[in-house]
Amino acid sequence: MTESSESQWWASESFWRKCAIFVTAGMALVLVLLTFHSLYAIGAGSDAGRVPAYSVINYRIDYVPDEDRGHLVPEVGPMVPLFGEVMNETEAKALVNHGKLTVQARNCMNCHTLLGNGAYYAPDLTKAWLDPGWGNEQARELLMTMFLKDPVANARTFGTNRRMPNQNLTDDEIRGVIAYLKWMSAIDTNGFPANFTTLPQDGPVYEPEVAEGEEDAS
Ligand code: HEC
């Protein structure tokens, strides 16, 4: 080595080794922090607002154009409880979770995509709850239940000629799957899947039954 290169601190090997160690350690820390932030942001009901709490299944999920963002975004509307049953967060979470585990256990992703993950044989299920193919808001729960109970007899196919084989789901599993699909449709997916047209949400809304004697209380 020549005199001059020894005197240049920035040309020394040990300086660059330290730099490499600092940058690697610093970035590892950033990665850990980002991971925790992502876990928080995708948590159901977090303030980040993209993934709703499970009890969102008590409400109408509309899908409306957002001018600024240039695509459709989910909008939580008035109360239209799933299967006409108002659930608290714990009950809703248990039902949605049952659906999610059913979808995983039966490997629906073998044919379908969910939030873009899975196979491309059958339609993406991210917004299946909002599919205009269910006719109208009131008929939807019944038609979904019938379809999942017997997808062969109730095939829709939409010109693809592809049919869904019967997955032999139990009634509880079907309720769970429908709750899971309703909850998932309320996730803000930045307009994914693109060019989706939505079922008009114009059915009646929920009127809580007022117990006798309570009417005068207010
Ligand atoms: C062997 C492939 C296959 C598997 C496995 C499969 N599906 Fe399907 N599924 C299809 C096809 C094909 C269609 C479209 C045909 C139709 O709607 O009649 C479909 C349609 C659907 C629809 C209607 C989608 C919409 O946008 O209206 C739902 C909901 C659905 N499947 C749920 C499920 C669930 C839940 C599972 C797992 C328990 C599952 N599928 C497993 C092939 C499959």
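The values are calculated or read from the model by the stated rules, or taken from the named source; none is laboratory data. Remember, it's a predicted structure, so these values are computed and weren't measured experimentally. Using ideal geometry, Cβ is built from the backbone for each residue, glycine included, and neighbour counts are taken over all protein chains shown.
Overview of values
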| item | result |
| --- | --- |
| Counted residues, region 58-83 - those being among the charged types (D, E, K, R) and either closer than 15 Å to residue 138 by Cα or in contact (Cβ under 8 Å) with a residue 40 or more places away in the chain (or both) | 3 |
| Enumeration of residues in region 142-193 that are under 30 Å from residue 49 (Cβ atoms), among the polar types (S, T, N, Q) and either near the ligand (Cβ under 8 Å from one of its atoms) or surrounded by 14 or more Cβ atoms within 10 Å (Cβ to Cβ) (or both) | 185, 189 |
| From 73, 86, residue being away from the ligand (no atom under 16 Å from the Cβ) and either touching an Asp or Glu at 6+ places or on another chain (Cβ under 8 Å) or outside the structural domain of residue 175 (by TED's automatic domain parsing) (or both) | 73 |
| Scope region 119-136; condition assigned to a helix (DSSP H, G or I) and in contact with a strand residue (DSSP E or B) (Cβ under 8 Å, 6 or more places away or on another chain); matching residues | 129, 130 |
| Scope region 144-163; condition within 26 Å of residue 200 (Cβ to Cβ) and modelled with pLDDT of 95 or more; matching residues | 144, 145, 146, 147, 148, 149, 151 |
| Contacts under 6 angstrom Cβ, first residue in region 35-57 being more than 17 Å from residue 79 (Cα to Cα), partner part of a helix (DSSP H, G or I), 6 or more apart | 44/54; 46/40; 48/41 |
| So residue 160, is it farther than 28 Å from residue 46 by Cα and either touching a residue at least 12 places away in the same chain (Cβ under 8 Å) or assigned to a loop (DSSP other than H, G, I, E, B) (or both) | yes |
| Answer residue from region 89-129, given it is surrounded by 14 or more Cβ atoms within 10 Å (Cβ to Cβ) and more than 15 Å from residue 180 (Cα to Cα) and is farthest from the ligand (Cβ to nearest atom) among those | 118 |
| Pairs where the first residue, in region 103-125, is touching a residue at least 40 places away in the same chain (Cβ under 8 Å) and the second is among the hydroxyl-bearing types (Ser, Thr, Tyr) and more than 8 Å from the ligand (Cβ to nearest atom), C-beta under 6 Å, 6+ apart | 115/126; 124/113 |
| Number of the condition not met by residue 45 [criteria: (1) modelled with pLDDT of 95 or more; (2) away from the ligand (no atom under 14 Å from the Cβ); (3) surrounded by 13 or more Cβ atoms within 10 Å (Cβ to Cβ)] | (1) |
